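The values are calculated or read from the model by the stated rules, or taken from the named source; none is laboratory data. Since the model is a prediction, treat every value here as computed from it, not as a measurement. FYI the Cβ positions are ideal-geometry reconstructions off the backbone, even for glycines, and counts take in every protein chain you see. Accessible surface areas use protein heavy atoms only, side chains included; no ligands, DNA or RNA. Shrake-Rupley method; radii C 1.70, N 1.55, O 1.52, S 1.80 Å.
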Amino acid sequence: KNQVEQSPQSLIILEGKNCTLQCNYTVSPFSNLRWYKQDTGRGPVSLTIMTFSENTKSNGRYTATLDADTKQSSLHITASQLSDSASYICVVLSSNTGKLIFGQGTTLQVKP
Amino acid sequence: NAGVTQTPKFQVLKTGQSMTLQCAQDMNHEYMSWYRQDPGMGLRLIHYSVGAGITDQGEVPNGYNVSRSTTEDFPLRLLSAAPSQTSVYFCASSYESRTSGGSYEQYFGPGTRLTVT
């Protein structure tokens with residue numbers, strides 16, 4: 001069964017610190033892997049989209065990596081800010097079904 | 001551009017009532033979809049549409065109907081609300097179609113929080 005698993009489920013860090021969120025997936029074959037940021041009470045917003053041939057992609061202080069061999073992705077947040085407090089969702093687009101498969105998300109809280 | 005808009009933002013229904021969640025986008029996107037988000041679970045696809053007049057079922061379609069008479073609008077109808085339909089509902093749109101496998105961004109609306117008592 002196609003699955004996307006994220007860890008940790010939740011994370012608390014101090015403002016200014018770095019953190020890394022993990023995503024493991026079993027979707028195969030896949031077209032691309034996405035990371036979304038979802039603020040409380042809002043809809044998800046795209047951070048990065050990576051195809052299977054891309055290893056890394058950055059969007060400001062957010063850097064996503066992808067290892068298609070091990071089926072793992074990570075999202076690294078540098079110099080965290082209070083506004084980074086949100087849920088981060090890993091999503092994989094299945095090539096077979098054309099459907100997006102969502103992870104359950106990691107809730108990040110950045111404290112001053 | 002307003003992007004993807006959803007109404008209402010909050011709704012409380014009694015079991016058995018029906019209602020329509022509205023979704024509209026002004027980006028001329030062909031692909032639109034409805035998801036529900038429940039605590040501890042990833043977003044799950046309810047229904048989707050690859051263009052006006054074309055709709056198809058997603059992962060959890062039971063109890064919901066959709067129609068797509070225009071490119072802009074994609075309403076979701078709850079036929080007879082049940083407590084299991086208590087959830088947050090998101091509408092999304094993008095340029096990509098179901099079969100293109102493209103890398104187009106998907107834009108989400110702000111969500112409708114529905115409670116069924």
Can you find even one residue in segment B:68-90 that is in a strand (DSSP E or B) and of a type in the set (Lys, Arg)? yes
Specify which of the listed residues (A:18, A:59) is over 14 Å from residue A:102 (Cβ atoms), open to solvent by 70 Å² or more (accessible area, probe 1.4 Å) and not charged (D, E, K, R). A:18
In segment A:87-102, residue farthest from the other protein chains (Cβ to nearest Cβ) [restricted to those that are among the hydroxyl-bearing types (Ser, Thr, Tyr) and outside any strand (DSSP E or B)]: A:97
Being open to solvent by 70 Å² or more (accessible area, probe 1.4 Å), away from chain B (no Cβ under 14 Å), more than 25 Å from residue B:44 (Cβ to Cβ) and at pLDDT below 95, is that true of even one residue in segment A:38-55? yes
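Here is a yes/no grid of residues against (1) within 14 Å of chain A (Cβ to nearest Cβ); (2) assigned to a loop (DSSP other than H, G, I, E, B); (3) farther than 22 Å from residue B:110 by Cβ:
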residue: B:17; (1), (2), (3): no, yes, yes
residue: B:23; (1), (2), (3): yes, no, no
residue: B:47; (1), (2), (3): yes, no, no
residue: B:50; (1), (2), (3): yes, no, yes
Please pick out the residue among B:61, B:39 that is part of a loop (DSSP other than H, G, I, E, B), open to solvent by less than 70 Å² (accessible area, probe 1.4 Å) and within 14 Å of chain A (Cβ to nearest Cβ). B:61
Breaking point among (1) within 24 Å of residue B:57 (Cα to Cα); (2) in contact with a strand residue (DSSP E or B) (Cβ under 7 Å, 6 or more places away or on another chain); (3) more than 9 Å from chain B (Cβ to nearest Cβ), for residue A:22: (1)
Filter pass, residue A:4 being aliphatic (A, V, I, L, M), on the phi < 0 side of the Ramachandran plot, surrounded by 13 or more Cβ atoms within 10 Å (Cβ to Cβ) and within 10 Å of chain B (Cβ to nearest Cβ): yes
Quick check: anything in segment B:12-19 open to solvent by 20 Å² or more (accessible area, probe 1.4 Å), hydroxyl-bearing (Ser, Thr, Tyr) and touching a helix residue (DSSP H, G or I) at 6+ places or on another chain (Cβ under 8 Å)? yes
One residue from B:86, B:71 being in contact with a His (Cβ under 9 Å, 6 or more places away or on another chain) and open to solvent by 20 Å² or more (accessible area, probe 1.4 Å): B:71
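Have a look at A:91, A:110 and point out the one that is in contact (Cβ under 8 Å) with a residue 12 or more places away in the chain, closer than 21 Å to residue B:92 by Cα and surrounded by 14 or more Cβ atoms within 10 Å (Cβ to Cβ). Write out each step before concluding.
On the way: A:110 fails: closer than 21 Å to residue B:92 by Cα.
Criteria check complete, one pass: A:91.
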Take residue A:85 and tell me if it is open to solvent by 10 Å² or more (accessible area, probe 1.4 Å), farther than 22 Å from residue B:104 by Cα, among the polar types (S, T, N, Q) and over 10 Å from the mean Cα position of the chain (by Cα). yes
